[in-house]
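**Q** One structure is given below, represented as structure tokens, and several questions about it will come after.
The values are calculated or read from the model by the stated rules, or taken from the named source; none is laboratory data. Model, not experiment: these values are computed from the prediction. Counting neighbours? That spans all protein chains shown, and the Cβs are built from the backbone with ideal geometry, glycine included.
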Amino acid sequence: MRRATLVVALGLAVIVFFLVRQRWALEKEPQHNLKDVARVEPSPVTPWRNPVHDLHVLFPPATNAMLDARVVSGWTVQIQKQLGRLMHPDENPLRIQRVHHDGQTLGSILVTRVKAAHGGIEIVIGVETNGALRGVLIQSHREPPIVASTITNSAWLKSFAGKTTKSPLRLGTDLPDVPAEARASAEAIAAGVRDQLTVLTFAEMNREARELGRLPHN
């Protein structure tokens, strides 16, 4: 009996030892775990900062734009295959600004953020009703002057007009090439535009996509 009691006591002691050790290990590095979590948290949805200005530039006749947020979960596998990566949280639902003139739809506007060499670049993308690009604007960036002068150049941005999901959207191919110091940022913009067009195509195909809300910009 005494021997059995001793075995049980030793077993309990071992369990308590490992529980205390595990708790000590968890409390040892709490800051490291928090950093890891923060690193993978999704960025907030990119806001549309200058709707009046952008509507005037991209769709001059426009009278307003309405938010049409569409869930594309049913197309996740196909979309990710075309993107060559996992979807970002702000791509599903896709926030589409439907541009109107006296009740007639003129096209759509998409807003996205891409990671460039010197920080995030926010892009406003105008799309015709037939899926072709109407234009691209840069609404925010942190690039140095030598890069900024290239990616905000009106001639370079206008070169996106008329492109579709079938267009390569590659520098030196269907987009003008840029100086070496601006190449990384320009490629990030082109990739961001291409990805938004890809997701938009699936959002338009999914007629049963659930509309999440409408927000007017007059």
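**Q** Being among the hydrophobic types (A, V, I, L, M, F, W, C) and out of contact with any Leu (no Cβ under 7 Å at 6 or more places or on another chain) is the filter here, so list the residues in the stretch 47-57 that pass it. Steps first, answer last, please.
**A** Initially, the stretch 47-57 is screened for residues among the hydrophobic types (A, V, I, L, M, F, W, C), giving 48, 52, 55, 57.
Trp48, Val52, Leu55 - these are the residues of the stretch 47-57 that are among the hydrophobic types (A, V, I, L, M, F, W, C) and out of contact with any Leu (no Cβ under 7 Å at 6 or more places or on another chain).
**Q** While we're looking at this one, here's another question. Residues of the stretch 88-109 being surrounded by 22 or more Cβ atoms within 10 Å (Cβ to Cβ) and either of a type in the set (S, T, N, Q) or outside the structural domain of Val77 (by TED's automatic domain parsing) (or both), which ones?
**A** Gln97, Ser108
Per-residue answers, yes or no, for (1) part of a strand (DSSP E or B); (2) of a type outside the set (Val, Ile, Thr); (3) modelled with pLDDT of 95 or more:
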{"site": "Val45", "(1), (2), (3)": "no, no, no"}
{"site": "His53", "(1), (2), (3)": "no, yes, yes"}
{"site": "Pro60", "(1), (2), (3)": "no, yes, yes"}
{"site": "Leu67", "(1), (2), (3)": "yes, yes, yes"}
{"site": "Lys81", "(1), (2), (3)": "no, yes, yes"}
{"site": "Asp90", "(1), (2), (3)": "no, yes, no"}
{"site": "His100", "(1), (2), (3)": "yes, yes, yes"}
{"site": "Ile109", "(1), (2), (3)": "yes, no, yes"}
{"site": "Glu122", "(1), (2), (3)": "yes, yes, yes"}
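**Q** Here's a follow-up. Which condition does Leu200 not pass, out of (1) part of a helix (DSSP H, G or I); (2) modelled with pLDDT of 95 or more; (3) out of contact with any strand residue (DSSP E or B) (no Cβ under 8 Å at 6 or more places or on another chain), if it passes all the others?
**A** (3)
**Q** Restricting the stretch 135-155 to residues that are of a type outside the set (Gly, Ala, Ser), over 19 Å from the mean Cα position of the chain (by Cα) and surrounded by fewer than 20 Cβ atoms within 10 Å (Cβ to Cβ), which is nearest to Gly119 (Cα to Cα)?
**A** Only one residue fits best here, namely Pro144.
**Q** Here's a follow-up. Is it the case that some residue within the stretch 148-155 is out of contact with any His (no Cβ under 6 Å at 6 or more places or on another chain), over 17 Å from Arg95 (Cα atoms) and in a strand (DSSP E or B)?
**A** Of the residues in the stretch 148-155, the ones out of contact with any His (no Cβ under 6 Å at 6 or more places or on another chain) are 148-155.
Those still in the list that are over 17 Å from Arg95 (Cα atoms) too: 148-155.
Then drop every residue that is not in a strand (DSSP E or B), which leaves none.
Checked the stretch 148-155: no residue is out of contact with any His (no Cβ under 6 Å at 6 or more places or on another chain), over 17 Å from Arg95 (Cα atoms) and in a strand (DSSP E or B).
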